1. Hey, any hits in the range 185-192 for a residue that's open to solvent by 30 Å² or more (accessible area, probe 1.4 Å), out of contact with any strand residue (DSSP E or B) (no Cβ under 8 Å at 6 or more places or on another chain) and of a type in the set (S, T, N, Q)?
2. Since residue 95 meets every condition but one in (1) closer than 27 Å to residue 151 by Cβ; (2) at pLDDT 95 or above; (3) open to solvent by less than 40 Å² (accessible area, probe 1.4 Å), which condition does it not meet?
3. Is one or more of the residues making up the range 19-30 farther than 20 Å from residue 105 by Cα and modelled with pLDDT of 95 or more?
4. I need the full set of residues from the range 24-39 which are surrounded by 19 or more Cβ atoms within 10 Å (Cβ to Cβ) and hydrophobic (A, V, I, L, M, F, W, C), in order please.
5. Of the residues that sit in the range 239-271 and are over 18 Å from the mean Cα position of the chain (by Cα) and outside any helix (DSSP H, G or I), which one is nearest to residue 142 (Cα to Cα)?
6. Being outside any helix (DSSP H, G or I), more than 22 Å from residue 277 (Cα to Cα) and not charged (D, E, K, R) narrows it down to one of 173, 154, 133, 177, so name that one.
7. Would you tally the residues in the range 272-304 being out of contact with any Ser or Thr (no Cβ under 7 Å at 6 or more places or on another chain), open to solvent by 20 Å² or more (accessible area, probe 1.4 Å), assigned to a helix (DSSP H, G or I) and not aliphatic (A, V, I, L, M)?
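The values are calculated or read from the model by the stated rules, or taken from the named source; none is laboratory data. Keep in mind that this is a model prediction, so the values were computed, not measured. Virtual Cβ from ideal backbone geometry, glycine too; neighbours counted across all protein chains shown. These accessible areas exclude ligands, DNA and RNA; they are computed on the full protein's heavy atoms, side chains included. Shrake-Rupley method; radii C 1.70, N 1.55, O 1.52, S 1.80 Å.
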Amino acid sequence: MDNWGMSASSILAILLVLVSLAVVDARMLPAAPWARSVLLSLSCAATGMVSWLLLAPVVLPDVVTPLFLPIAALGGVASYLATIAVRANGYGIVITLLFGASWSLLVYVPTAIRTFVPFEPSWSLGINPIDHGGSLPVNVAAGAAVLGVLLCGGPRLRTASVSRITGMVGMIGLSVGWLVWLAGAEFAVDDTIGAIVANGVIGAGGGVVGWLCVQRIRHRSVTLNSVAAGLISGLVAMTAGAPLFTPVSAAAAGIMAGGAACIFTIQRVSSSRRQQWFVVGTHLIAGGAGAVLLGLLASNIGFIFTGSVTLIGNQVAGTVVVAGYSLAVSVLLMMILRLASRAVTALRVPSKHDRTDSPARA
């Protein structure tokens, strides 16, 4: 299979991940007719895809690689995730799409360029993290965006429910799509693909184990939602360095990422009763943990193999910079859009004095 064939399979895999996430994450979104919810999810994803397709050729006019379109598809996943909390706060479609488009242009596109382009941009601050599958621009950045929106506060609306069978189908589709993308990101049919898939499966299993162990200790219960959260956490933890883990280190990274994500999520959901904290836990916390653990456990180049802090320093710095930048941008965007929404509402709704005087004027 040539590179463009790998590109096509990667795009299909990422789209499968997007659809599966929309199914699994439906319990975090406001209750609405199924067709309307799906259409809005796809519209949110489209803002990320279009942002990449419009801005990336301007920033990188001479760079056309088989990764170009898969990165656009990843932008759809990132924008969909980033807008979950905005939708959950009850904002309309205009505010939601404006947030998704603005965040994608300001955060996803530059972060994806730094992650995937074959040279170091001048604004990269000399930070060179390893990120095989785009965990920083997708998981860490989008998770930080959700964190920013949640910190801004908002109403807690009634969310949708997902049947057990639908949830299981979504989990299967998510796992298959994620593993195919991680393999496709290698853009070479060799022995490494087998290691990537194996590490992805082992890491996903480790994420489930880590999450369920914490869940069992804290609540003495196991649910389908906790299995799904652990699965996502493990896959997210493998995204940055699937080719560089061994089976043992992949299991360790998955367990630690799943456990850390569960501890954070249970605490926040218990205190706030907002399901959207699952996105922060499974994507920001697990993605950050996976990226940092790569600096520690990467075969032959990680800290435990070389004793050098260069790689782990880059992984920590890259994660902190991306998360901090996305958090700041999302808070600023949310404040601006909230003020704009209130201003528009004030213009549209007549004051009490105007309503009282209008019959007399007539």
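1. To start, the set of residues in the range 185-192 that are open to solvent by 30 Å² or more (accessible area, probe 1.4 Å) comprises 186-192.
Then drop every residue that is not out of contact with any strand residue (DSSP E or B) (no Cβ under 8 Å at 6 or more places or on another chain), which leaves 186-192.
Filter once more, so that each one left must be of a type in the set (S, T, N, Q): 192.
For the range 185-192, residues open to solvent by 30 Å² or more (accessible area, probe 1.4 Å), out of contact with any strand residue (DSSP E or B) (no Cβ under 8 Å at 6 or more places or on another chain) and of a type in the set (S, T, N, Q): present.
2. (2)
3. First, the residues of the range 19-30 that are farther than 20 Å from residue 105 by Cα: 19-30.
Retained after the next criterion (residues that are modelled with pLDDT of 95 or more): none.
Within the range 19-30, none of the residues are farther than 20 Å from residue 105 by Cα and modelled with pLDDT of 95 or more.
4. 24, 26, 28, 29
5. 245
6. Details: 173 fails: outside any helix (DSSP H, G or I); 154 fails: more than 22 Å from residue 277 (Cα to Cα); 177 fails: outside any helix (DSSP H, G or I).
Residue meeting the stated conditions: 133.
7. Counting residues in the range 272-304 that are out of contact with any Ser or Thr (no Cβ under 7 Å at 6 or more places or on another chain), open to solvent by 20 Å² or more (accessible area, probe 1.4 Å), assigned to a helix (DSSP H, G or I) and not aliphatic (A, V, I, L, M) gives 2.
To keep it simple, each residue is scored yes or no on (1) in a helix (DSSP H, G or I); (2) open to solvent by 40 Å² or more (accessible area, probe 1.4 Å).
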| residue | (1), (2) |
| --- | --- |
| 209 | yes, yes |
| 215 | yes, no |
| 218 | yes, yes |
| 222 | no, yes |
| 225 | yes, yes |
| 230 | yes, no |
| 233 | yes, no |
| 237 | yes, no |
